[in-house]
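I have placed the structure first, in the form of structure tokens, so that the comments after it can refer back to it.
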Amino acid sequence: MSSLIIQNLGSIFEGDAATLNIKRRTIGICRLEYEYPIPLDDAQEMLAELCDKPYIDKMRYHVIQGGYQWEIDVFHGENEGLIVAELELKSADETFPRPDWLGQEVTHDARYYNICLLTQPYKSW
């Protein structure tokens, strides 16, 4: 039997469905990430019993632009005013068309990672 330390555990709720999201805490463009559909009741229990508080409060929107699906996170609470766009690429050197609405690149800035936003929220910058 082996032990696994989960460095970033989160649940994504969409209506009556939930997704378990597990990421390795690393800085940069490439990192391990897994997502699995889970029952809503399990997700709520995991949030209540396994996750650090306060939670990151955000709404995620999916936007198709230039043949790519962007995930746009609009933050609330202590991170109100922060909007982050994320794009899943096939490789770290893949090029993509930059939409006009896209701001500065923050991939290598740890402040924008959810784990960091818990201890140093956007409002405190």
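Below are the figures for this structure:
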{"item": "Which numbered condition Thr19 fails, given (1) part of a strand (DSSP E or B); (2) of a type in the set (S, T, N, Q); (3) surrounded by fewer than 13 Cβ atoms within 10 Å (Cβ to Cβ)", "result": "(3)"}
{"item": "Which listed residue is part of a loop (DSSP other than H, G, I, E, B) and in contact with a helix residue (DSSP H, G or I) (Cβ under 9 Å, 6 or more places away or on another chain), from Pro54, Pro97", "result": "Pro54"}
{"item": "Tally, over the range 74-105, of residues that are at positive phi and surrounded by 12 or more Cβ atoms within 10 Å (Cβ to Cβ)", "result": "1"}
{"item": "One residue from Leu40, Leu87 being touching a Phe, Trp or Tyr at 6+ places or on another chain (Cβ under 8 Å) and not assigned by TED's automatic domain parsing to the domain that holds Arg98", "result": "Leu40"}
{"item": "Unique match (being modelled with pLDDT of 90 or more and over 30 Å from Trp125 (Cα atoms)) among Gly77, Gly81, Gly66", "result": "Gly66"}
{"item": "Criterion violated by Ala48 - all others in (1) part of a loop (DSSP other than H, G, I, E, B); (2) out of contact with any strand residue (DSSP E or B) (no Cβ under 9 Å at 6 or more places or on another chain); (3) modelled with pLDDT under 90; (4) over 17 Å from Tyr113 (Cβ atoms) satisfied", "result": "(1)"}
{"item": "Cross-chain or 6+ apart pairs with Cβ under 7 Å, the range 59-76 first and under 22 Å from Lys90 (Cβ atoms), then part of a loop (DSSP other than H, G, I, E, B)", "result": "Gln65/Pro99; Gly66/Phe96; Gly66/Pro97; Gly66/Pro99; Tyr68/Phe96"}
{"item": "Identity of the residue in the range 12-30, within 12 Å of the chain's Cα centre (by Cα) and at pLDDT below 80, that ends up farthest from Leu89 (Cα to Cα)", "result": "Ile12"}
{"item": "Residue count for the range 57-87, restricted to those that are in contact with a Lys or Arg (Cβ under 8 Å, 6 or more places away or on another chain) and not in a loop (DSSP other than H, G, I, E, B)", "result": "7"}
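The values are calculated or read from the model by the stated rules, or taken from the named source; none is laboratory data. No experiment lies behind these values; they were computed from the predicted model shown. Every residue, glycine among them, receives a Cβ derived from its backbone with ideal geometry; neighbour counts consider all protein chains shown.
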